Amino acid sequence: MTDPTSRRNFLKMGAAGASVLPFLRAMPAAAEGSDTLVVVTGETINSLDLHRTGTSRASYQVGINCYDRLLTFGTKEVPGNGLSYDYTVVEPELAESWTESDDGLTLTFKLKPNATFWDGRKVTAADVKWSFDRAVSVGGFPTVQMKAGGLERPEQFVAVDDDTFVINLDRPSKLTIPDLAVPVPYIINSVEALANATDDDPWALEYLHMTPAGSGAFKVARWNPGEQLVYERNDNWVGGPLPAAKRVVIREVPSPATRRALIERGDVQVAFNIPDKDAAELADSLDVFSTPVENCIHCLCPNFAFEPFQDPDVRKAIAYAVPYEDIFQAAAFGRGLPLWGGEERITDTAWPRKTQYSTNLDKAKEHMAKSGYADGFDVPLSISLDLASWMEPTALLVQEALGEIGINVTIEKIPGANWRTAVLVEKRLPLHLENFGGWLNTPDYYFFWAYKDGHLFNSSNYRNEEIEQLVDATLHMPMDDPDYAPQIKRMFEIALDELPRIPLYQPALNVAVNGAEGYEFWFHRQLDARVLKAV
Amino acid sequence: MLAASPRLRAILLRVAQAIPVVMGVVVISFVLTRALPGDPAVYFAGVAADEASIEQTRVAMGLDKPLPVQFAHYVADLLQGDLGQSLSSGRPVATDLANRLPASLELTLTALIIAVVIAVPLGVLAATRPGTWVDHLCRIVVTAGVSLPTFFTGILLIYIFYYILGIAPSPLGRLDFIYLDPDHVTGFYLIDAALMGDWETWWGAAKQLILPAATLALFTLAPIARMTRAAMLTALSSDFVRTARAAGLSNRTVLYGYAFRNALLPVVTTLGMVFSFALGANVLVEKVFAWPGIGSYAVEALVVSDYAAVQGFVLAMALLFVALNLVIDLLYTAIDPRIGFDAK
């Protein structure tokens, strides 16, 4: 192969001259210096377009790193756990500024005049409108998430001129602005997308699935599904401070043991979403961030469709029988936050919060004796095989504890593919474990999904008229409204007394870092590669 | 022409016999995937989907239609060579298989070659020197190979050669991220890199291959060594070997010309079986070494009830085994002329 234009020579030329191609052929990883970061994760990125049906959670990171939104959240310190996004601070990303009309029904955004897509074209309000239209029209998850912020129909979005974009709301809501900063409403190069759309596929789902077209901090240099995704920095990014890393390689490594070996050896800089056990063991030798996931609770759920659980004493007996500390240590290895042993009197609106329950077998037996089921009963406790790492140890401990108060528990393991249907759609599991977490960090949003009758994560078939009313009243109410706090406290009181969901603990997202800094936790639980820096 | 070449005729006959098998596989894989628990529409509608968006997803996936209609669509597409669209990867199943099958085959074949190169001589030596240290070594290797599960061997090898000694490359799949994939010709990185004359990439791919192939080889070595030893013992104690010895033939001729050749038949049969279960055992090795092979693809597809991908996988495997059986049958006739196709 001495042909002067062979692929090999071409690559060498390219790498030596301009950065035509991202890789030298064979260069030891160490020589790459601080330009490249390698991240390993166990999850699979299966699409570069979050709006597509079937896009996996891990793929959301492409929406974050390659696309911009109008707004983003600020950053705060989490004591002992590095950085986190800050729900209370909203900052501009592609928008330069925004104003809200006095009635709260019209939001007007001015776009940054120097924002361009990767192809060099200026980002216009028409692009924003097309992208928002797409998110509310394609159906499935993006549409549901947009709806949470009151964004439901294309007519609500108006491109006034190139730089001005207006959203007309049906009702003012405190959730609208934060909902513009979640991964879903990202801004796509509509000219490029439309050029690749077809009559059958007006939203260019096929094209954007494989080829992102955005204005974000990183472009996708290479993507081998099931293997790796390589981000390359967009030097013209205006959405925030330019990322320190020129290149970020995301490698998929399914085996946690292998991921651990790689991060310990320092051949990769970030191991994202590692098991609690590894986090606990690596914490002494590496930088391990175990950030409690905001608005997320691991729960034990007694289903009201199952007769014995309609008895409030039975539910309280269970809440007093659960061995919280043992579960927290065995299932979470102490990563996360305990949610038991708090005050009964509710004085603030913090959520998740410690419940007034703690392990107390005498009280549990008292409640059991008072109930209509003093002799006990049999019940299956269902867990998902996909989530077995925390559900299995938890279930075993619950089984043992409930045996003490006469409830004979058998553990039923449900395959991952079946789990969602059984637990959330059919809501047919008498006693089960559940772990809903809300992206928008307000208690009313959590209650909307998990405590309202018929809503997806209300897997206990719970219905309480007052809760229904309180959630409807508080969902869109500003948090500084004088009516807000009392109503939220009342909601907590009812939910913690009636116990359709028995909070066990607040889980953590574990990330091990070896040779990088700047890691920031986000509610979407995906990696924000923009803030990472090699050290 | 067919009459003139009985072997060609026999091959065509065997291929024709495979057709009903493949048809059966198509029907069974379709029915079985539909019988899987779980509702793919719910799964693919995403984390916060409500009834309406689940229904939209169901319609978009064509799952609202009755089963016979779905089957008719599937067969019609199949006849045009279209294996369908994988929902989880969002790409045609044929593309996914073309990318991933070579990865698995490269790993499995390398492992088999290593296993044969070690196991066959080991088995022969053990048979000719029963009771000596070679025989005991053979027994130890075989027992270890059978009793150690592949994921354990894999993690152990990573621990020793990568984590402690640091001589193996990072277990990051087929190529470290600093290399570019070789141009796709066969999908076998070693072959493709060699075709390009790019020996650096070739060496990069070979390095990545050593540990997983060794893991799998250790597992496949056992039955081959065992079978070689047993077959050699039988052959060596048979009448024709005694006759050959009595006729004064050299030890070498007796051993390799007569005994070994006769012992090969059961070894080749075992090899075929070992190949098939090595492909199955691949799944675990693929997980440990982040190998983007077909086993992990199929398991992920099964977990999310990705019908098209599962069906494509089963079909590809069926075709592979039909081909494998044919090759083994041909090998039989090459090894032992007494076995003719006419006998069937």
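The values are calculated or read from the model by the stated rules, or taken from the named source; none is laboratory data. Keep in mind it's a predicted model, so treat the numbers as computed, not measured. Counting neighbours? That spans all protein chains shown, and the Cβs are built from the backbone with ideal geometry, glycine included.
Here are the numbers for this structure:
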{"quantity": "Pick from the range A:204-249, criterion of a type outside the set (Asp, Glu) and in a helix (DSSP H, G or I), ranking: farthest from the chain's Cα centre (by Cα)", "calculated": "A:Tyr207"}
{"quantity": "Unmet criterion (only one of (1) at pLDDT 95 or above; (2) assigned to a loop (DSSP other than H, G, I, E, B)) for A:Gly372", "calculated": "(1)"}
{"quantity": "Candidate set from the range A:245-257 (those that are in contact with a strand residue (DSSP E or B) (Cβ under 8 Å, 6 or more places away or on another chain) and within 24 Å of A:Pro507 (Cβ to Cβ)); member that is nearest to the other protein chains (Cβ to nearest Cβ)", "calculated": "A:Val253"}
{"quantity": "Residue among B:Ala18, B:Ala72, B:Ala41, B:Ala10 that alone is within 14 Å of chain A (Cβ to nearest Cβ) and outside any loop (DSSP other than H, G, I, E, B)", "calculated": "B:Ala41"}
{"quantity": "Residue in the range A:189-203 that is within 14 Å of chain B (Cβ to nearest Cβ), part of a loop (DSSP other than H, G, I, E, B) and either in contact (Cβ under 8 Å) with a residue 24 or more places away in the chain or in contact with a strand residue (DSSP E or B) (Cβ under 6 Å, 6 or more places away or on another chain) (or both) present", "calculated": "yes"}
{"quantity": "In the range A:153-188, the residues that are of a type in the set (D, E, K, R) and either within 18 Å of A:Ser137 (Cβ to Cβ) or in contact (Cβ under 8 Å) with a residue 40 or more places away in the chain (or both)", "calculated": "A:Arg153, A:Glu155, A:Asp162, A:Asp163, A:Asp170, A:Arg171, A:Lys174, A:Asp179"}
{"quantity": "Given (1) within 11 Å of another protein chain (Cβ to nearest Cβ); (2) touching a Phe, Trp or Tyr at 6+ places or on another chain (Cβ under 9 Å), number of the condition B:Asp183 does not satisfy", "calculated": "(2)"}
{"quantity": "Qualifying residue in the range B:272-283 (condition: closer than 24 Å to B:Leu324 by Cβ, within 14 Å of another protein chain (Cβ to nearest Cβ) and under 13 Å from the mean Cα position of the chain (by Cα))", "calculated": "yes"}
{"quantity": "Set B:Val75, B:Val59, B:Val22: member being at pLDDT 80 or above and over 29 Å from B:Phe321 (Cα atoms)", "calculated": "B:Val59"}
{"quantity": "Evaluation of B:Ala98 against (1) surrounded by 12 or more Cβ atoms within 10 Å (Cβ to Cβ); (2) more than 14 Å from chain A (Cβ to nearest Cβ); (3) within 30 Å of B:Met273 (Cβ to Cβ) (one fails), failing number", "calculated": "(2)"}
{"quantity": "Residue in the range A:345-359 that is crowded, with 18+ Cβ neighbours inside 10 Å, over 30 Å from A:Asp483 (Cα atoms) and either without any contact (Cβ under 8 Å) to a residue 60 or more places away in the chain or among the hydrophobic types (A, V, I, L, M, F, W, C) (or both) present", "calculated": "yes"}
{"quantity": "Test: residue in the range A:371-380 that is surrounded by fewer than 22 Cβ atoms within 10 Å (Cβ to Cβ), within 14 Å of chain B (Cβ to nearest Cβ) and among the polar types (S, T, N, Q)", "calculated": "no"}
{"quantity": "Flag for A:Phe117 being farther than 24 Å from A:His476 by Cα, surrounded by 23 or more Cβ atoms within 10 Å (Cβ to Cβ) and not β-branched (Val, Ile, Thr)", "calculated": "yes"}
{"quantity": "Positions within the range B:191-236 being more than 20 Å from B:Ile167 (Cα to Cα), in contact (Cβ under 8 Å) with a residue 12 or more places away in the chain, within 11 Å of chain A (Cβ to nearest Cβ) and touching a Lys or Arg at 6+ places or on another chain (Cβ under 9 Å), in sequence order", "calculated": "B:Met196, B:Asp198"}
{"quantity": "Hits in the range B:147-174 (condition: in contact (Cβ under 8 Å) with a residue 24 or more places away in the chain and facing chain A (nearest Cβ under 10 Å))", "calculated": "B:Phe151, B:Gly154, B:Ile155, B:Ile158, B:Tyr162, B:Pro169, B:Pro171, B:Leu172, B:Gly173, B:Arg174"}
{"quantity": "Residue in the range A:332-342 that is in a helix (DSSP H, G or I) and touching a residue at least 60 places away in the same chain (Cβ under 8 Å) present", "calculated": "yes"}
{"quantity": "Checking A:Tyr519 against (1) within 14 Å of chain B (Cβ to nearest Cβ); (2) closer than 30 Å to A:Thr41 by Cα; (3) aromatic (Phe, Trp, Tyr), the condition it does not meet", "calculated": "(1)"}
{"quantity": "Those residues of the range A:135-164 which are part of a loop (DSSP other than H, G, I, E, B) and surrounded by 17 or more Cβ atoms within 10 Å (Cβ to Cβ), in sequence order", "calculated": "A:Val138, A:Gly139, A:Gly140, A:Gly149, A:Gly150, A:Leu151, A:Asp163"}
{"quantity": "In the range A:98-113, the residues that are surrounded by fewer than 14 Cβ atoms within 10 Å (Cβ to Cβ) and over 21 Å from A:Asn236 (Cβ atoms)", "calculated": "A:Thr99, A:Ser101, A:Asp102, A:Asp103"}
{"quantity": "Residue list for the range A:49-106, filter: of a type outside the set (S, T, N, Q), out of contact with any Lys or Arg (no Cβ under 7 Å at 6 or more places or on another chain), closer than 20 Å to A:Pro142 by Cα and part of a loop (DSSP other than H, G, I, E, B)", "calculated": "A:Asp49, A:Leu50, A:Arg52, A:Gly54, A:Tyr67, A:Arg69, A:Leu70"}
{"quantity": "Residue under evaluation B:Ala52, criteria (1) surrounded by fewer than 20 Cβ atoms within 10 Å (Cβ to Cβ); (2) in a helix (DSSP H, G or I); (3) within 14 Å of chain A (Cβ to nearest Cβ); (4) in contact (Cβ under 8 Å) with a residue 12 or more places away in the chain, criterion not met", "calculated": "(4)"}
{"quantity": "Sole residue being assigned to a loop (DSSP other than H, G, I, E, B), in contact with a strand residue (DSSP E or B) (Cβ under 7 Å, 6 or more places away or on another chain), of a type in the set (A, V, I, L, M) and not assigned by TED's automatic domain parsing to the domain that holds A:Gln487, chosen from A:Val268, A:Val288", "calculated": "A:Val268"}
{"quantity": "Lone qualifier among A:Glu366, A:Glu392, A:Glu412 - being under 18 Å from A:Ile502 (Cα atoms), modelled with pLDDT of 90 or more and acidic (Asp, Glu)", "calculated": "A:Glu392"}
{"quantity": "Scope the range A:119-134; condition assigned to a helix (DSSP H, G or I) and farther than 16 Å from A:Gly216 by Cβ; matching residues", "calculated": "A:Ala125, A:Ala126, A:Lys129, A:Trp130, A:Phe132, A:Asp133, A:Arg134"}
{"quantity": "Complete set of residues in the range A:176-196 that are crowded, with 20+ Cβ neighbours inside 10 Å and hydrophobic (A, V, I, L, M, F, W, C)", "calculated": "A:Leu180, A:Ala181, A:Val182, A:Val184, A:Ile187, A:Ile188, A:Ala193"}
{"quantity": "Check on A:Tyr446, farther than 23 Å from A:Ser173 by Cα, of a type in the set (Phe, Trp, Tyr) and in contact (Cβ under 8 Å) with a residue 24 or more places away in the chain", "calculated": "no"}
{"quantity": "Residues (in contact with a Pro (Cβ under 9 Å, 6 or more places away or on another chain) and within 23 Å of B:Ala111 (Cβ to Cβ)) located in the range B:301-330", "calculated": "none"}
